[in-house]
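Remarks on the structure that follows.
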Amino acid sequence: MAFEYYHQNLQEVKERIARACVSCNRNPDEITLIAVSKTNPVEAIQAMRALGPLHFGENKVQELVPKMKALDEDKQINWHMIGTLQTNKIKYLADRVDWIHSVPKLKALKEIDKRAEQAGRVIKVLIQVNISEEDQKSGCDPAELPGLLLKADEMQHITVMGLMGMATFSDDPELVRPEFRLLRELLELEQKRGYKSHQLTHLSMGMTNDLEVAVQEGATMLRIGTALFGKRAVDF
């Protein structure tokens, strides 16, 4: 049952991405689909993994860490921390996590760099920018971004791969288009500054309800949970 359910969901999401790419003359291969498995058991990840996805995201460290350990034999999985980042929990992630999207401040960058050095690794990070101007949303102010990137450019055990944003939740995806556009414009501006170590090629933005607009505005990573795993429990 789980295989058929997830297979249908995955195909529908891929079709949505493909149609969005056609509408803006993009290649679907440019888009990384991150299956957000929060609140779902390890069995759900295994079922989705059997269908092909290589990227999985979690919102909470306490969920991500045991799932990484349970599936440690599958070295092809790319694990993404996408939720609000608590600096004191970074130490639990550093030996395995591949991407940390939600880095809002210098303190977190320093801690990731420190823990990654201890683990003998280089961790890919995205700077989270508050594009919605909502107080409850994490992220640096757009005006703070250049200074943050400048300091991060001196760190040896992180690579800043781009930016991440959380748009205002709305039933009308068009209302968040300006927010996605702002994130893309910020990335384009920073790409021109000539940092020595940052790659700045990725935009993590867009979820189930607004993925089409995100793709049209330049998203390279989509964080999709509900459309893949559903709102209901699945029998395994």
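Derivation of every value follows stated rules applied to the coordinates shown; laboratory data play no part. What you see is a predicted model; the values in this text were computed from it and never measured. All Cβ positions, even for glycine, are placed from backbone atoms using ideal geometry, and neighbour counts span all protein chains on display.
A compact table of results
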quantity: Whole-Å semi-axes of the ellipsoid equivalent to region 54-120 (Cα gyration tensor, √5λ, descending); calculated: 19, 13, 10
quantity: Of K38/K107; K38/K105; K38/K67; K69/K110; K38/K110, pairs whose Cα-Cα distance is over 18 Å; calculated: K38/K107; K38/K105; K69/K110; K38/K110
quantity: Length-normalised contact order of the chain in % [C-alpha pairs under 8 Å, at least 6 apart]; calculated: 21
quantity: Kirkwood hydrodynamic radius of the chain, from inverse mean 1/r over distinct Cα pairs, in Å; calculated: 18.0
quantity: Greater than 19 Å apart at Cα, pairs in K89/K151; K60/K91; K60/K114; K91/K114; calculated: K89/K151; K60/K114
quantity: 37 °C / 0.692 mPa s Stokes-Einstein diffusion coefficient of region 132-207, Kirkwood radius on C-alpha pairs, µm²/s; calculated: 245
quantity: Estimated vicinal HN-Hα couplings, Hz - region 164-178 in sequence order (Karplus 6.51, -1.76, 1.60; Gly, Pro = x); calculated: 10, x, 10, 7, 4, 6, 8, 6, 10, x, 5, 5, 9, 4, x
quantity: Peptides 12-21, 185-194 ordered by average Cβ neighbours within 10 Å, highest first; calculated: 12-21, 185-194
quantity: For the chain, with +1 on Lys and Arg beta carbons and -1 on Asp and Glu, the positive-most of P146, T39, T87 along the dipole; calculated: T87
quantity: Rounded, prolate or oblate (a/c below 1.5 giving rounded, otherwise prolate when a/b exceeds b/c) for region 153-197 by Cα gyration tensor; calculated: oblate
quantity: Calculated FRET value between Q156 and T84, using beta carbons and R₀ = 25 Å, to 0.05; calculated: 0.45
quantity: Label-to-label distance, nm, for residues given as E174 and Q118 (7 Å Cα→Cβ offset); calculated: 5.1
quantity: Sum of -39500 (n - 2.57) over DSSP H runs of 4+, divided by residues of the chain (222 nm, nearest 500); calculated: -11000 deg cm²/dmol
